[in-house]
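The values are calculated or read from the model by the stated rules, or taken from the named source; none is laboratory data. Note that the structure is a prediction, hence the values are computed from the model and not measured. Note: ideal-geometry Cβ built from the backbone for every residue, glycine included; neighbour counts use all protein chains shown. Heads up: the accessible areas ignore ligands, DNA and RNA and are worked out on the full protein's heavy atoms, side chains in. Shrake-Rupley method; radii C 1.70, N 1.55, O 1.52, S 1.80 Å.
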Amino acid sequence: MPYPLDYGGVIDIFSSIKALNEAGVGIILHCFDYGRGPQPELNKYCREVYYYERQEGHKGFSFSLPYMVASRSNPELLNRLAEDDYPILLQGVHCTFLLQDERFTKRKMVLRLFNVESRYYRQLSKHERSLAKKAYYLNESRLLCSYEAKIAGRLPILALSDKDTRYYKEKFNASQVTTVPVFLPHQQIRSSEGAGSFCLYHGNLDVAENNKAVEWLLDKVFDEMKIPLVIAGKNPSSRMERLAHLRTHTCLVANPEERELDDLIAKAQINILPSFNETGVKLKLLNALYNGRHCVVNDAAVDGTPLAALCHIAETPAAMQRIVQQLFHLPFGEEEINLRKNVLNEHYNNAGNVKKLIAFLQ
């Protein structure tokens, strides 16, 4: 379900819905509800909205299909889609079960990729402590690799990054794959000039990769460097809370509301966002670039994107410490803001990118 915007995966979907609506496209939205119920906000942008139950647990298990696909097989959804002949935008590999149904063989469809999912799940397995989850991620990656190869030639594909476009072409021999960058809820640079008083890491702390990034920052970068670090995120574990409060200059803000997180991003002197997963587009980094001051990352956070020129990049703890110490008392200025305007407006302009999207649906 693409609302509320409480994790990165829904931001592109919701923002693309708004952009399509503003471009005059009538939208019939079909989405899976995970217990939060109907969202009236979606009715502002869609002519019709339908909700479906996902087949979780053993009900969604398949030996041949990835769980993310098989668990979203819903006869009511398929029958409703078969009642008309409108083009279908599939938001993510997750929603491609209908490719198994012969009724849609000649239907106009476009797949919007969020990730190379087989690579993403393999990366998740590397950072997972739970053996059961690690095994699940590895098996899902195996199934996804085969599945993505099968569907790559079936329909036009829109990737979020040039890196994913190249991967689909080279690995899966996809001939109809094009980059259409991520849609964003913000289009204006709101970064404040001047200086803040702390460093900030923010992300979904339910995700093992993000937990690894936080632990790396706490143990390797900020352990002896007495510059304030605030960690903000969704559903931190009790272990993460203990680690964040071991030091007098670090703290954790659990489950911040959207306004609170926006305020933290805007007031931080440095948004520090290393990544240990080279797949996908880092939406939290884009959020920081639109709304925050200095951004410090590693190569993995900007690989395959045009964002390297807007960030300070360090690979080792020592290099990151040096950059943080240099930037912490350096006011953020007009020159950096103008550079962000030029780069971000060129690549992440919703109005321009929605025209590309519509062209594929016509």
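In region 124-150, the residue that is nearest to Tyr168 (Cα to Cα) out of those that are in contact with a helix residue (DSSP H, G or I) (Cβ under 6 Å, 6 or more places away or on another chain) and hydrophobic (A, V, I, L, M, F, W, C) is Ala149.
Identify all residues within region 32-66 that are of a type in the set (Lys, Arg) and either open to solvent by 100 Å² or more (accessible area, probe 1.4 Å) or in a strand (DSSP E or B) (or both); write none if there are none.
Lys44, Arg47, Lys59
Applying a threshold of 9 Å to beta carbon distances and a minimum spacing of six or more residues, or different chains, the list of pairs starting in region 329-357 at a residue that is more than 16 Å from Asn291 (Cα to Cα) and ending at one that is of a type in the set (A, V, I, L, M, F, W, C) and in a helix (DSSP H, G or I) reads Asn350/Ala19; Ala351/Ala19; Asn353/Ala19; Val354/Ala19; Val354/Leu20; Leu357/Ala19; Leu357/Leu20. Among residues of region 103-135 being under 16 Å from the mean Cα position of the chain (by Cα) and among the aromatic types (Phe, Trp, Tyr), the one that is nearest to Phe183 (Cα to Cα) is Phe114. The residues of region 19-31 that are part of a helix (DSSP H, G or I) and farther than 30 Å from Ser118 by Cβ, listed by number, are Asn21, Glu22.
Inspect region 286-294 for any residue being over 18 Å from the mean Cα position of the chain (by Cα) and not small (Gly, Ala, Ser) and give the result as yes or no. The answer is yes, given that some residue of region 286-294 is over 18 Å from the mean Cα position of the chain (by Cα) and not small (Gly, Ala, Ser).
Put simply, of Ala314, Ala319, Ala301 the only residue that is small (Gly, Ala, Ser), free of Cβ contacts under 8 Å to residues at least 60 places away in the same chain and touching a Cys at 6+ places or on another chain (Cβ under 9 Å) is Ala301.
Flag not set for Lys171, criterion: at pLDDT below 90 and basic (Lys, Arg). The set of residues in region 279-292 that are part of a loop (DSSP other than H, G, I, E, B) and open to solvent by 20 Å² or more (accessible area, probe 1.4 Å) comprises Val281, Lys282. Checking each residue in region 130-168 for being small (Gly, Ala, Ser), open to solvent by less than 20 Å² (accessible area, probe 1.4 Å) and at pLDDT 90 or above picks out Ser141, Ala152, Ala159. For Glu41, are the conditions met, namely being farther than 27 Å from Asn255 by Cα and either at pLDDT below 90 or charged (D, E, K, R) (or both)? In short, no.
Number of residues in region 308-342 that are assigned to a helix (DSSP H, G or I), open to solvent by 80 Å² or more (accessible area, probe 1.4 Å) and either in contact with a strand residue (DSSP E or B) (Cβ under 9 Å, 6 or more places away or on another chain) or acidic (Asp, Glu) (or both) equals 3. Here is the figure for region 50-67: residues that are on the phi > 0 side of the Ramachandran plot and aromatic (Phe, Trp, Tyr) total 0.
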